[in-house]
Amino acid sequence: MNVAKETKNKKQFIIIKLVILIILCVFVFISPELFSKYEMNIIITILSMAYLAQCWNLMSGFTGQFSFGHAAFYGLGAYTSSLLYTEFGISPWAGMIFGMIVAGIVALIIGYLSFYYNLKGDYFALATLAFAEILRSIFKNTEAFKAAAGVSITYKKDWTVFQFSGKDGYLYIIFIMLLIITFGIYFLKKTKTGLYFVAIRENEDAAKALGINAFKYKMIGLVSSAMLTALAGTFYAQYYLYIDPTIVFGSNVSVNAITPCIIGGVGTVFGPILGAFIIQPVSIITNAYLSKYIGLNMVVYGAILCAAIILMPNGVIGLFKKLKIKVLARRQNGGAVG
């Protein structure tokens, strides 16, 4: 009896998720008809943040290796595709693939040096931050990479070079990217690799004792996360048509990857998306109404984030799971009484 009820409840929650997904898809594809360019820009920014957060979540959320240097991979993706286009005329559609490869190679180096010497926790976070800062300094001071002047991309309004006449093209692309990575993570959780990721996150020593090659799977997590993050860098470069080292290699990129996961729920499938839809509007509202008071907008924004972390240590998804357990418990108790 209990098994039948549990199966029924699972089906109900799956249906709810599908309905939410359908509503989101419809909302995105009719957005160009409903919203102004400014509002469209906000939606694209939220989806970009959600995608970036999912990239971070893939590695840090599931393997437990906290990275504070994803800006390194973001910047490499942005610079590789942009320089290949501006200097050699290679389309950013192809350049983004090269960017993924470059980011993957750098991730292999970072991962090998970090995991070979068994860097964990704060030490790994500091190592990734250091690599990101090293790359920022190199790109900022090397003329071959256009140094601090940055790279400007000429606007041609041609989809073959990743440019569109309106914002709807960019909206659809980032939404599809977000769907692909989210479904990828959803199915990854059910695979052997996904289970190994979680085992390493929960207790790496125990995972090793069970025969799991922790070094191998941490490398898989880092490299795949880095390569997908590079795509976000290419998207940014083509959307804004300008990049410089302080923007794409800045610590702000890494922060934008981490905070949605913390607010929404680290190591969950939909937590980073919920987190992005919460954080970005809060940031916009505080900037709009409090920016005239020097620093007050950041103080209020920081206070809201701190309050959310304290009140919801497992994120919004964690809170939903608690409510779900309570609802199911009440249903079961009600059935037992009847």
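The values are calculated or read from the model by the stated rules, or taken from the named source; none is laboratory data. Please read all numbers here as calculations on a predicted model, not as lab measurements. In this analysis, Cβ positions are derived from the backbone assuming ideal geometry, glycine residues included, and neighbour counts consider all displayed protein chains.
Scan the range 121-129 and tell me whether some residue there is within 21 Å of M96 (Cα to Cα), modelled with pLDDT under 85 and surrounded by fewer than 18 Cβ atoms within 10 Å (Cβ to Cβ). For the range 121-129, residues within 21 Å of M96 (Cα to Cα), modelled with pLDDT under 85 and surrounded by fewer than 18 Cβ atoms within 10 Å (Cβ to Cβ): absent.
Among residues of the range 142-164 that are closer than 16 Å to T80 by Cα, those with a Cβ under 6 angstrom from a residue that is among the charged types (D, E, K, R) and part of a loop (DSSP other than H, G, I, E, B), sequence gap 6+ or separate chain, pair up as G150/D244.
One line per residue, one yes/no per condition, for (1) in contact (Cβ under 8 Å) with a residue 12 or more places away in the chain; (2) in the same structural domain as L47 (by TED's automatic domain parsing); (3) surrounded by fewer than 20 Cβ atoms within 10 Å (Cβ to Cβ):
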position	(1), (2), (3)
A214	yes, yes, yes
L222	yes, yes, no
S225	yes, yes, no
G271	yes, no, no
S291	no, no, yes
N314	yes, no, yes
I317	yes, no, no
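Filtered by the rule that a residue be in contact (Cβ under 8 Å) with a residue 40 or more places away in the chain and either in the same structural domain as K190 (by TED's automatic domain parsing) or part of a helix (DSSP H, G or I) (or both), the range 293-312 gives L305, A308, I309. Residue count for the range 130-154 under the criterion of being among the acidic types (D, E) and surrounded by 13 or more Cβ atoms within 10 Å (Cβ to Cβ): the result is 1. Per the listing V223, V269, the residue uniquely in a loop (DSSP other than H, G, I, E, B) and among the β-branched types (V, I, T) is V269. Being among the basic types (K, R), part of a helix (DSSP H, G or I), out of contact with any His (no Cβ under 7 Å at 6 or more places or on another chain) and assigned by TED's automatic domain parsing to the domain that holds Q54 is true for just one of K208, K190. Which residue is that? After ruling out the rest, the residue left standing is K208. Looking at K192, is it without any contact (Cβ under 8 Å) to a residue 60 or more places away in the chain, touching a Ser or Thr at 6+ places or on another chain (Cβ under 6 Å) and either under 22 Å from I97 (Cβ atoms) or basic (K, R) (or both)? Answer is no for this residue. Within the range 92-101, the residues that satisfy the criterion of being over 19 Å from G150 (Cα atoms) and either of a type outside the set (G, A, S) or touching a residue at least 40 places away in the same chain (Cβ under 8 Å) (or both) are W93, I97, F98, M100, I101.
Residue-by-condition table, conditions (1) in contact with a Lys or Arg (Cβ under 8 Å, 6 or more places away or on another chain); (2) closer than 27 Å to T86 by Cβ; (3) assigned by TED's automatic domain parsing to the domain that holds I90:
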{"site": "F115", "(1), (2), (3)": "yes, no, yes"}
{"site": "G121", "(1), (2), (3)": "no, no, yes"}
{"site": "T128", "(1), (2), (3)": "no, no, yes"}
{"site": "F131", "(1), (2), (3)": "no, yes, yes"}
{"site": "Y170", "(1), (2), (3)": "no, yes, yes"}
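Return yes when T246 is among the hydroxyl-bearing types (S, T, Y) and part of a helix (DSSP H, G or I) and no when it is not. Considered against the rule, which asks whether it is among the hydroxyl-bearing types (S, T, Y) and part of a helix (DSSP H, G or I), T246 comes out as yes.
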